[in-house]
Amino acid sequence: MEPSTKRIKLDSSHSTDTTSFQIKSILSDELLKTIDTVDVYTMSINDSKNTSEIMLEVNRLLPVPNLQHLKRIKKKDMILCPVKDVANFLKEDEAFFERVRHILPDTVPKKSVDETVKWLLDLSSESSSNKSILSEYLRAKGFKEEMTEKLTTNVTLSPVPSIQPKLRWQYSIATEQWPCKFHLNKQLENLYSHNVFNENEKNFHIQFMELSLFISSNANDKSVGVIVDPRNKHIVAVGETRIDLHPLMHCSMVLIDMVARSQNGGAWRELDISTDHIDDDSFNHNGIDSDIRTLIGTQFSVKFGAQKPSSVAAPTLLQTNDSTSADNLSKYGPYLCTGYDVYLTDEPCIMCAMALVHSRARRIFFHRPNANGALKTLTKLHTIKALNHHYEVYQIS
C-alpha cells in the first residue's frame, strides 16, 4: 500500500507542530559563563577632598588600558593597578627586582624572578608585604614620596571583572564585584535566550530541517545538506556525503560545490549529477539533482533554483563590508554562499565548517552533533574572533 503523501508549503504563513523540535543558538563559551576576575591593588581614599588630586595623578602615571570597562573608583575605593602589572615589571626591570628582593622578608622565595613572581601572584589580601612591594612599584613609576604614602596607606587586593560583560546576567554578577560598563545588545540577549525567531520563522526553519532529514532517510541515512536563499525561499542546492568517490567529499564540501554549479562553476565533475534542462530565465537549477528534486516533490511543495549571476562586475572584497552584503547580493547576484542559509543533518567537521566560512554562509542549522563536529562538539569555530567572516549557528533537534 502506497504511503500517504503530506505536502507542506514552506512559507511564513504556514503553521506546523513545533513541539518535537527546538532551535537553540550555539554561542561562544564566554557568553555562557560568569566573567573571570583579575586581582588588582585597591586603596581607600580617607579624605574625599583628595579624590581629584589622586585621580589625576593615578590616571597619568598608572593607566590601566586592559580595564577600561571598569570605573576607577567605587565609593571611596580606587583601583591602582593589576597585580600582574607589578609581576610583569619584576620580569622586565632588573633594578626593580633587586630592590624588591632586599625589602622582602627571608620567608619569601626570591632566588629568581619567576619564583618571586609566583609568590606575588599567590599573595592573599592580608599579606603584610603588599604595601612594601606596591610602594616600590609606585616610586619606579614616578610617584613622589608624599603621594606614594597616600596611595599605600590602606592597600588591599580585590578581584574585579577581567572583561566587559556582554549579557545582562553577566553584568548583574560583575557589577557586584566592581562597577563596570555595560551596553545592552538585544540580538545577543535573544540568542542567549534562544528567542531569535518568531513562531512562523521557527516553523519555516524546522520544516527545512525536516526536508533535509527526509532526503537523508531516502539516501541510506547519509549526511545531507540543503542551502536556501532566505529572500525568496528557493532551494539553491542539495548535497550529500560522497566519500565513496573521494575522501574529501563530505556533505558540506559537496554542497558548496553544488552551489558553485548554480553559479556556472564547480570543481568535482566526477559527481554523477543529473540536471534536467529547465527553461527558466531567472533561476539556475544546476545545484539540484533532478532525482532529488523529484523526491522532494513527493512530500514537500517548495521552489527551486538559484538567482543567476549578474553580468555586472561584483565589487572586490576590499570594497565590501557586512552592512552592504545583502544589497550586493541583490545588485550583483550570488557570490559563493553569501546571504544563504545552510541546513545540515549533521554537525560539520573542522574542514567543512571552515569551508562554510570561506563560502561566507549566513546561518548554519544542524540537527545531529558529530564526534568530529566543529560548531559545538570539539570546538566552536564560528566564535573565533580572528576569522574574517562569522556565521550564526543553531541546532534544531
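Would you calculate the separation in nanometres between label points at His246 and Lys75, each defined as 7 Å from the Cα along the Cα-to-beta-carbon direction?
6.7
What per residue convex hull volume, in Å³, do the alpha-carbon atoms of the range 133-175 yield? Walk me through the numbers on the way to the answer.
Details: hull volume 4.3 nm³, N = 43.
It comes to 101 Å³ per residue, whole-number rounded.
How large is ³J(HN,Hα) for each residue in the range 187-204, as worked out from phi by the Karplus curve 6.51 cos²θ - 1.76 cosθ + 1.60 (θ = phi - 60°), to whole Hz, x for Gly and Pro?
4, 5, 4, 5, 4, 5, 8, 6, 10, 7, 9, 7, 4, 5, 5, 4, 4, 4
If amide hydrogens are placed 1.01 Å from N in the peptide plane, which non-local residues have theirs closer than 5 Å to the one on Thr37?
Ser162
With the cut-off at 20 Å, report for the range 52-163 the share of all Cα pairs above it, as a whole percent. Write out the running numbers ahead of the final one.
Values: 2484 of 6216 pairs.
When all Cα pairs of the range 52-163 are counted, 40 percent exceed 20 Å.
Taking the Cα centre of the range 86-235 as the origin, how large is its charge dipole in debye, to the nearest 20, when only Lys and Arg (+1) and Asp and Glu (-1) carry charge on their Cβ atoms?
Here the range 86-235 has a charge dipole of around 340 debye.
Cα extents of the range 186-303 along the three principal axes, largest first, in whole Å?
Each principal axis gives a Cα extent; for the range 186-303 these are 46, 36, 27 Å.
Using amide H atoms built in the peptide plane, which far-off residues or other-chain residues are under 5 Å from Lys303 H to H?
Amide H neighbours of Lys303, under 5 Å, 5+ apart: Ile235.
Each value in this text was obtained by applying a stated rule to the coordinates, not by laboratory testing. What you see is a predicted model, and the numbers here were worked out from it, not measured in a lab. Here Cβ is always computed from backbone atoms with ideal geometry, including for glycine, and neighbour counts include all displayed protein chains.
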